[in-house]
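Data first, discussion second: the structure below is written as structure tokens.
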Amino acid sequence: MKVVILAGGFGTRFSEESSYKPKPMIEIGDKPILWHIMKSYSYYGFHEFVICAGYKQHMVKEWFADYYLRTSDITFDFSKGGNEMIMHNMHTEPWRVTVVDTGLHTMTGGRVKRIQEYVGDERFMLTYGDGVCDVDINKLVQFHVSHGKLATLTAVRLRQEKGILDIGGDNAVRSFREKNASDSAPINAGYMVLEPQVFDMIDGDDTILERDTMVKLADQGQLMSYAHTGFWQCMDTKREKDMLDQLWLADQAPWKKWKD
């Protein structure tokens with residue numbers, strides 16, 4: 001199953017760094033938050049990724065193109081008049097990564113629609129490129145398969161400005177509405193599982209996934225929530241980045257399940 005990651009927005013709320021790099025490329029420790037998200041999925045055996053890039057998309061492509069250089073020891077040998085590069089202790093991931101330029105001003109739903117050809121007619125996962133979580137991905141997928149609906153999102157109960165959910169006793173999402181700063185309710189944390197029929201519910205580049213597609217799914221009784229009571233944190237501000245940095249550097253990052 002492929003993992004689609006939304007990584008194309010401007011990140012205007014984090015202007016300190018997003019003015020010169022895409023927000024998913026802002027680092028926690030010495031790796032972009034995008035890498036941390038991918039490592040989390042890879043831990044559960046999901047190694048194929050489709051990155052919905054947009055703003056400064058070339059930086060995402062360049063980072064993956066140079067992955068060997070970033071993770072290996074290298075000898076540059078000029079002694080024979082040439083430029084021989086010898087790589088040592090090479091470390092890479094079992095990943096297949098497709099980076100797609102989904103446009104500079106495309107909305108979230110439009111970005112998903114643009115990568116349809118790379119997903120095909122199969123179930124896929126979708127999340128945002130600016131939040132880390134310790135949700136059990138395998139249990140999330142099992143839950144999705146068990147209820148037979150078109151979409152599942154991961155819900156966390158935090159006081160945040162995110163999409164607000166009204167969840168029934170059977171875990172069905174009764175409604176999905178835009179965020180409100182005064183709300184204290186379950187929120188959409190991303191980490192979604194979607195059936196390919198969802199592509200048909202996206203009209204084009206101007207479709208906002210959260211305002212349009214999710215609302216339709218909820219209205220049709222096709223949107224379910226997977227309750228997560230563990231760690232989840234988005235990175236919208238420098239304060240949040242600093243907090244995630246501190247957890248990572250102290251080796252206390254809850255989302256880190258993998259071994260070094």
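Values quoted throughout were computed directly from the atomic coordinates according to the rules given, and no laboratory measurement underlies them. Nothing here was measured: the structure is a model prediction, and the numbers come from that model. We place every Cβ from the backbone using ideal geometry, glycine too, and count neighbours over all the protein chains shown.
Applying 1/(1 + (r/R0)^6) with R0 = 30 Å to the Cβ-Cβ distance of Asp242 and Met1, what FRET efficiency is obtained, to the nearest 0.05?
Details: r = 34 Å, r/R0 = 1.12.
According to the calculation, E is roughly 0.35.
May I ask you to derive the FRET efficiency for Thr229 and Gln197 from their Cβ-Cβ distance with R0 = 30 Å, giving the value to the nearest 0.05?
Working: r = 30 Å, r/R0 = 0.99.
For Thr229 and Gln197, the calculated efficiency is 0.50.
When you restrict to C-alpha pairs under 8 Å that are six or more residues apart and normalise by the size of the chain, the relative contact order lands at 23 percent. Loop-located GluC sites (Glu not before Pro) in the stretch 78-168 (DSSP state not H, G, I, E or B) with no more than 14 neighbouring Cβ atoms inside 10 Å: Glu122. Putting +1 on Lys and Arg Cβ atoms and -1 on Asp and Glu Cβ atoms, find which of Leu126, Met224, Gln116 reaches farthest to the positive end of the dipole of the chain. Projecting each Cα onto the dipole axis, the largest value belongs to Met224. Is any residue of the stretch 41-77 close enough, with backbone N under 13 Å, to a label point placed 7 angstrom from the Cα of Thr92 along the Cα-Cβ axis, and if so, which? Residues 64-72 fall inside that zone. Taking a straight Cα-Cα cut-off under 28 Å and skipping sequence neighbours fewer than 8 places away in the same chain, the lysines within cross-link reach of Lys216 are Lys2, Lys113, Lys139, Lys149, Lys162, Lys179. Cβ-to-Cβ counts within 10 Å put Leu153, Leu126, Leu140 in ascending order as Leu140, Leu126, Leu153, the fewest first. Taking Lys149, Lys238, Lys80 in turn, the Gaussian network model of the chain (Cα-Cα springs below 10 Å) assigns the largest fluctuation to Lys80.
Secondary-structure-derived ellipticity at 222 nm for the chain, considering helices only, amounts to -7000 deg cm²/dmol, per-run term -39500 (n - 2.57) for DSSP H runs with n ≥ 4.
Comparing Arg123, Arg111, Arg239 in a Gaussian network model of the chain where C-alpha atoms under 10 Å apart are linked, the largest mean-square fluctuation is found at Arg239. The length gained on full extension between Phe76 and Met59, counted as 0.36 nm times the residue separation minus their Cα-Cα distance, comes to 3.7 nm. Kindly provide log₁₀ I(q)/I(0) values, in the same order as q = 0.14, 0.16 Å⁻¹, from the Debye equation applied to equal alpha-carbon scatterers of the chain. Results for the chain at q = 0.14, 0.16 Å⁻¹ read -0.97, -1.28.
Residues considered: Leu223, Leu104, Leu34. Largest GNM mean-square fluctuation over the chain, using C-alpha springs under 10 Å, is found at Leu104.
Round to the nearest 10 and give me the degree value, 0 to 90, for the angle of helix 137-147's Cα axis relative to the longest principal axis of the chain. Taking Cα atoms only, the helix is inclined about 30 degrees. Sorting the segments 57-66, 211-220 by their mean number of nearby beta carbons within 10 angstrom, highest to lowest, gives 211-220, 57-66. Among bridges DSSP assigns within the chain, what percent are antiparallel (round to 5)? So the antiparallel bridges amount to about 55 percent of the total. With the Cα gyration tensor of the stretch 213-260 giving a ≥ b ≥ c as the square roots of its eigenvalues, does the rule (a/c under 1.5 for rounded; else a/b larger than b/c for prolate; else oblate) give rounded, prolate or oblate? Because a/c hits 1.5 or more and a/b exceeds b/c, the stretch 213-260 counts as prolate.
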